[in-house]
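The values are calculated or read from the model by the stated rules, or taken from the named source; none is laboratory data. Nothing here was measured: the structure is a model prediction, and the numbers come from that model. Positions of Cβ are backbone-derived with ideal geometry, glycine not excepted, and every protein chain shown enters the neighbour counts.
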Amino acid sequence: MPPTPSTGTTVIPLADMAARVPDGASVALGGSFLHRGPFAFVRELIRQRKRDLEIIKQSPGYDIDILCRAGCVARARAGIVAMEGNFGLAPWYRRAVETQRIALEEHACMTLTAGLRAAAFGVPFQPVGGVHGSDLAALNRWASITDPYGSGGDVWVIPAIRPDIAVIHVNEATEHGDARVRGTSHWDRILTRAARQVFVVAEALAPTAAFEDRPELTLVPGFLVQAVSVAPNGAWPGSCWPRYDVDYPAVEDYLDAARPLDAHLERAPEAAEPARV
Amino acid sequence: MSERWSGFSYIVTNLARFVRPGEVTFSGVNSTPPMLACLLAKRAYDFDFVYLNVAGGVQPRPSKIPLSSSDPVLAQGSAAIFANEDFYDLCTRGGMDLCFLGAAQIDGHGRTNVSVIGDWHRPKVRLPGGGGGAVMLPTARRAVTWRTEHSTRTLVDRLDFVTAAGPLHGVATPIAVFVERGGRLALQSWHPQVSLAEVRRRTGFAFDAAGAGPTPFPAAREAAALRCLDPDGRFERDANVSID
């Protein structure tokens, strides 16, 4: 399909979308823990042997873990990292940090969001509530400023965080990149406003007319989106409400260190059914 | 009433007892006990309260109880989605009455560490990290945490790292309930199967126990609600909590 002249968005295969991510890029990932993450896209980054990526996400889990396992990550900026459910810590991520193979910038979820808000708002930093008394402030050399309007209160300010690319997995998108999600949007809205480029991976394409009937349901307008790809079941082994639940046995298999990563990648839905254009 | 009370039921029931009528109450990611506590409070208590959760749920009626406390089923039956930025902003502007937050280590000042065991730069154990705490603990009207292990490793005199300062309003462990008093955690009550001396021996920080006594056993409705939420004991088994 040729680029849509009005927006520059193109519907492309998942492999082509991943190919647009250069080594060393700063990539923000949507979703939260095992829910509606762009996991098919993440696995495609691994298949293409990307290196030195910076991963930005408030609550990554499977995604950052598998990227660390495959050696794709140099740096993480994250709030809380875990597999969740009953799975506990993310083992390959944990080892990567403990052995200092990746650099971590530890945030609270909302300080990371404040940095993203600064980027989205076009300002160099953003105040955030709380943080008082936390060692995270000194660790990250965050500044505190006194209310210039004289309340006497102090507020912590977080420097702008501008990802090169935000990638979100959505329930449906139009060929122009307009994207809708069901259930919570997690942090996807602010990620798509903060990043330089936005890639949308959709469970399915929908007719533009259906979006035009209910434009208020659209989370991301297509003009912000540079590329769209279709990957049914692409949030596997996580959930994509209301289509499918977490595949807990598959997560257990993934966490079994005796099983090779390649077997997991081959089992993924996008490997069985290459993403359609 | 049985004379035995499992550590798992003790934690969930006592977390539920922090819930107050009419208040806005929140449960987050990686937070199975508070999720169960909020759902228990909805079933067991006569009062209403506004239950929000990290799945965007607002007064949800989930059709099943998920393993993941951020599962989207926790927004089922909601008339609105209140997504992450919304509930954090609500909290920082003072609108969150009760917020449940996780912790690995807790000190006597009611501060928490969820970042690291050992030196931050040379971690012995890299823990999940900041999460909600640093922003929600100081800004929620009351923040409450839990630990499934009550020991001098988890309830410490000195945190390896201060992820979030508060102070906490309350802590529930398998054998004790602490509440904040004058900027310190004080013992409110202890598990009726253990002694005050045992709580002291297994706690790494000094605490005031004035007025504390054995925790009241679950009321019939509390016990029935937990059985209803965990009919085959899956959550109880997965939590693997011991009072010893």
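Would you please name the residue that is farthest from A:Y244 (Cα to Cα), looking only at residues in segment B:20-71 that are hydrophobic (A, V, I, L, M, F, W, C) and at pLDDT below 95? Talk me through it step by step, then tell me what you get.
As a first pass, look at segment B:20-71 and keep what is hydrophobic (A, V, I, L, M, F, W, C): B:24, B:26, B:29, B:35-41, B:44, B:47, B:49-50, B:52, B:54-55, B:58, B:65, B:67.
Among the residues that remain, those that are also at pLDDT below 95 are: B:29, B:67.
On the way: B:V29: 19, B:L67: 15 Å.
Per the stated criteria, the residue is B:V29.
Suppose we keep only residues that are closer than 18 Å to B:D230 by Cα and not in a loop (DSSP other than H, G, I, E, B) within segment B:64-74. Which one would you say is nearest to the other protein chains (Cβ to nearest Cβ)?
Restricting to residues being closer than 18 Å to B:D230 by Cα and not in a loop (DSSP other than H, G, I, E, B), the top hit is B:V73.
Among the residues that make up segment B:106-121, is at least one of them at negative phi and free of Cβ contacts under 8 Å to residues at least 12 places away in the same chain?
We begin by selecting, within segment B:106-121, every residue at negative phi; these are B:106-109, B:111-117, B:119-121.
So of that shortlist, the ones also free of Cβ contacts under 8 Å to residues at least 12 places away in the same chain come out as B:121.
Yes; the residues of segment B:106-121 include at least one that is at negative phi and free of Cβ contacts under 8 Å to residues at least 12 places away in the same chain.
Kindly provide the set of residues from segment B:147-173 that are within 14 Å of another protein chain (Cβ to nearest Cβ), within 20 Å of B:T13 (Cα to Cα) and of a type outside the set (D, E, K, R), ordered by number.
Selection gives B:T148, B:L168.
So that you can scan it fast, the table gives a plain yes or no per residue for (1) outside any strand (DSSP E or B); (2) touching a Lys or Arg at 6+ places or on another chain (Cβ under 7 Å):
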{"site": "B:E85", "(1), (2)": "yes, no"}
{"site": "B:G118", "(1), (2)": "no, yes"}
{"site": "B:V125", "(1), (2)": "no, no"}
{"site": "B:P128", "(1), (2)": "yes, no"}
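Within segment A:99-111, does at least one residue satisfy the condition of being surrounded by fewer than 24 Cβ atoms within 10 Å (Cβ to Cβ), of a type outside the set (S, T, N, Q) and more than 23 Å from A:L45 (Cβ to Cβ)?
Looking for residues that are surrounded by fewer than 24 Cβ atoms within 10 Å (Cβ to Cβ), of a type outside the set (S, T, N, Q) and more than 23 Å from A:L45 (Cβ to Cβ), one finds none in segment A:99-111, hence no.
Assuming B:D86 fulfils every condition listed in (1) more than 8 Å from chain A (Cβ to nearest Cβ); (2) without any contact (Cβ under 8 Å) to a residue 40 or more places away in the chain; (3) closer than 25 Å to B:R227 by Cβ; (4) not polar (S, T, N, Q) apart from one, which condition is it?
Exception for B:D86: condition (3).
Determine which member of the set B:R142, B:R61 is more than 7 Å from chain A (Cβ to nearest Cβ), of a type in the set (K, R) and out of contact with any Phe, Trp or Tyr (no Cβ under 8 Å at 6 or more places or on another chain).
B:R61
Do we have any residue at all in segment B:88-103 that's in contact with a Pro (Cβ under 9 Å, 6 or more places away or on another chain), more than 17 Å from B:G130 (Cβ to Cβ) and not aliphatic (A, V, I, L, M)?
No: zero hits.
Taking the residues in segment B:196-244 that are on the phi > 0 side of the Ramachandran plot and without any contact (Cβ under 8 Å) to a residue 40 or more places away in the chain as candidates, determine which candidate is nearest to the other protein chains (Cβ to nearest Cβ).
For segment B:196-244, the residue satisfying everything is B:G233.
Can you tell me which residue among A:A250, A:A257 is surrounded by fewer than 19 Cβ atoms within 10 Å (Cβ to Cβ), touching a helix residue (DSSP H, G or I) at 6+ places or on another chain (Cβ under 8 Å) and part of a loop (DSSP other than H, G, I, E, B)?
So the residue among A:A250, A:A257 that is surrounded by fewer than 19 Cβ atoms within 10 Å (Cβ to Cβ), touching a helix residue (DSSP H, G or I) at 6+ places or on another chain (Cβ under 8 Å) and part of a loop (DSSP other than H, G, I, E, B) is A:A257.
Going by what's in this entry, would B:S68 be described as crowded, with 19+ Cβ neighbours inside 10 Å, in contact with a Cys (Cβ under 7 Å, 6 or more places away or on another chain) and farther than 11 Å from A:T184 by Cα? Write out each step before concluding.
Numbers: crowded, with 19+ Cβ neighbours inside 10 Å: yes; in contact with a Cys (Cβ under 7 Å, 6 or more places away or on another chain): no; farther than 11 Å from A:T184 by Cα: yes.
No; evaluated as a whole, the condition is false for this residue.
May I ask you to say which residue of B:G56, B:G77 is over 24 Å from B:T139 (Cα atoms), part of a loop (DSSP other than H, G, I, E, B), of a type in the set (G, A, S) and within 14 Å of chain A (Cβ to nearest Cβ)?
B:G77
State whether the residues of segment A:60-69 include one that is in a loop (DSSP other than H, G, I, E, B) and buried (at least 24 other Cβ atoms within 10 Å of the Cβ).
Pass one, segment A:60-69, residues in a loop (DSSP other than H, G, I, E, B): A:60-61.
Then keep just the ones that are buried (at least 24 other Cβ atoms within 10 Å of the Cβ); that gives A:60-61.
Yes, the conditions are met somewhere in segment A:60-69.
Give the number of residues within segment A:95-117 that are within 11 Å of another protein chain (Cβ to nearest Cβ) and either part of a helix (DSSP H, G or I) or hydroxyl-bearing (S, T, Y) (or both). Before the answer, list the steps.
Quick first cut of segment A:95-117, residues within 11 Å of another protein chain (Cβ to nearest Cβ) only: A:95-100, A:102-114, A:116-117.
Cutting the leftovers down to either part of a helix (DSSP H, G or I) or hydroxyl-bearing (S, T, Y) (or both) gives us A:95-99, A:109-114, A:116-117.
Number of matching residues: 13.
Go over the candidates A:A210, A:A202, A:A250, A:A231 one by one and state the one that is more than 24 Å from A:V27 (Cβ to Cβ) and either in contact with a Pro (Cβ under 8 Å, 6 or more places away or on another chain) or free of Cβ contacts under 8 Å to residues at least 60 places away in the same chain (or both).
Numbers: A:A202 fails: more than 24 Å from A:V27 (Cβ to Cβ); A:A250 fails: more than 24 Å from A:V27 (Cβ to Cβ); A:A231 fails: more than 24 Å from A:V27 (Cβ to Cβ).
Selected residue: A:A210, the only one of A:A210, A:A202, A:A250, A:A231 that is more than 24 Å from A:V27 (Cβ to Cβ) and either in contact with a Pro (Cβ under 8 Å, 6 or more places away or on another chain) or free of Cβ contacts under 8 Å to residues at least 60 places away in the same chain (or both).
Can you pull out the residues in segment A:150-190 that are part of a strand (DSSP E or B) and either within 11 Å of another protein chain (Cβ to nearest Cβ) or surrounded by fewer than 24 Cβ atoms within 10 Å (Cβ to Cβ) (or both)?
First pass over segment A:150-190, keeping only residues part of a strand (DSSP E or B): A:154-159, A:165-173, A:179-180.
Once the filter is applied, which keeps residues that are part of a strand (DSSP E or B) and either within 11 Å of another protein chain (Cβ to nearest Cβ) or surrounded by fewer than 24 Cβ atoms within 10 Å (Cβ to Cβ) (or both), segment A:150-190 yields A:D154, A:V155, A:W156, A:V157, A:I158, A:P159, A:I165, A:N171, A:E172, A:R180.
As an exercise: evaluate B:D89 against (1) surrounded by fewer than 23 Cβ atoms within 10 Å (Cβ to Cβ); (2) in a loop (DSSP other than H, G, I, E, B) and give the number of the one condition it does not meet.
(2)
Which members of segment B:165-183 meet the condition of being touching a residue at least 60 places away in the same chain (Cβ under 8 Å), farther than 22 Å from A:V131 by Cβ and surrounded by fewer than 20 Cβ atoms within 10 Å (Cβ to Cβ)?
Scanning segment B:165-183 gives no hits.
Give me the residue from segment A:76-86 that is facing chain B (nearest Cβ under 8 Å) and touching a Phe, Trp or Tyr at 6+ places or on another chain (Cβ under 8 Å) and, out of that set, modelled with the lowest pLDDT.
A:G85
Would you check if there is a residue in segment A:118-137 being facing another protein chain (nearest Cβ under 9 Å) and more than 26 Å from B:D89 (Cα to Cα)?
No: segment A:118-137 contains no residue that is facing another protein chain (nearest Cβ under 9 Å) and more than 26 Å from B:D89 (Cα to Cα).
Please tell me if A:L89 is of a type in the set (A, V, I, L, M), out of contact with any strand residue (DSSP E or B) (no Cβ under 7 Å at 6 or more places or on another chain) and at the interface with chain B (Cβ under 8 Å from one of its Cβ atoms).
yes
Taking segment B:190-213, which residues are surrounded by 21 or more Cβ atoms within 10 Å (Cβ to Cβ) and outside any loop (DSSP other than H, G, I, E, B)?
Result: B:W190, B:V199.
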